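Report on the following structure.
Just so you know, all these numbers are worked out from the coordinates, no wet-lab data involved. Every value quoted in this text rests on a predicted model; they were computed, and no experiment measured them. In this analysis, Cβ positions are derived from the backbone assuming ideal geometry, glycine residues included, and neighbour counts consider all displayed protein chains.
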């Protein structure tokens with residue numbers, strides 16, 4: 001085999017392949033590239049159906065707008081219970097002050113702030129928690145918890161540890177953690193260690 005005969009053989013193979021492709025394209029699959037023409041009666045009927053669907057969808061828009069407005073109003077009412085402060089520290093201070101005021105109103109004296117922390121709970125909200133310790137009897141504790149529940153802010157008891165005393169007055173040693181909601185933007189960004197990479 002010489003180089004010239006190899007080029008001729010390749011050229012003939014290429015020509016044969018192109019011929020087969022052209023024959024398949026125009027003979028087998030139809031060489032007509034024009035689209036089908038829709039009769040005017042069919043297109044008018046389809047246009048009427050589309051118009052009817054658009055009118056149905058447009059008729060539901062005012063109802064959906066009313067639902068959105070009602071839900072946004074109820075969300076605003078609920079968000080009044082969120083601590084709206086400029087920093088996380090201010091929210092924590094307000095929460096601690098609220099807990100201390102409710103405690104004093106119920107005859108309970110707290111021993112200051114034991115612990116605090118915060119964490120995100122969703123994309124929009126975070127949770128600030130303060131822990132306090134105090135000594136009280138069972139009636140004062142129940143009244144204190146009821147007083148916390150009656151506050152305007154959204155509060156939750158996240159942890160409570162009660163230890164009974166040995167004295168005749170049956171005083172209880174209580175360690176209580178109370179949480180309040182804050183906007184997520186107040187929380188410090190989460191620190192990621194080496195696992196965060």
- [ ] Could you tell me how many degrees, from 0 to 90 and to the nearest 10, lie between the Cα long axis of helix 138-149 and the main elongation axis, the longest principal axis, of the Cα atoms of the chain?
- [x] 40
Open item on the list: What is the angle, in °, between the Cα long axis of helix 3-23 and the longest principal axis of the Cα atoms in the chain? Nearest 10 is fine, range 0 to 90.
Closed with: 80
- [ ] Going by C-beta contacts inside 10 Å, put 166, 10, 135 in order with the fewest on the left.
- [x] 166, 10, 135
Open item on the list: Using only alpha-carbon positions, what ratio does the radius of gyration of the chain give when scaled by 2.2 N^0.38 Å?
Closed with: 2.30
Task: Residues 96, 24 arranged by fewest to most Cβ contacts within 10 Å - done: 24, 96
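Return 21, 82, 160 ranked ascending by Cβ neighbour count within 10 Å, so the fewest neighbours appear first.
Details: 21 10, 82 18, 160 13.
Taking fewest neighbouring Cβ atoms as first place, the list is 21, 160, 82.
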Open item on the list: Which residue fluctuates most in the GNM of the chain (Cα springs below 10 Å): 124, 167, 114?
Closed with: 167
Task: Per-bin percent of Cα-Cα distances, the range 81-185 [10 Å] - done: 15, 48, 27, 9, 2
Task: Euclidean distance of C-alpha centroids, the range 92-158 and the range 39-83, integer Å - done: 44
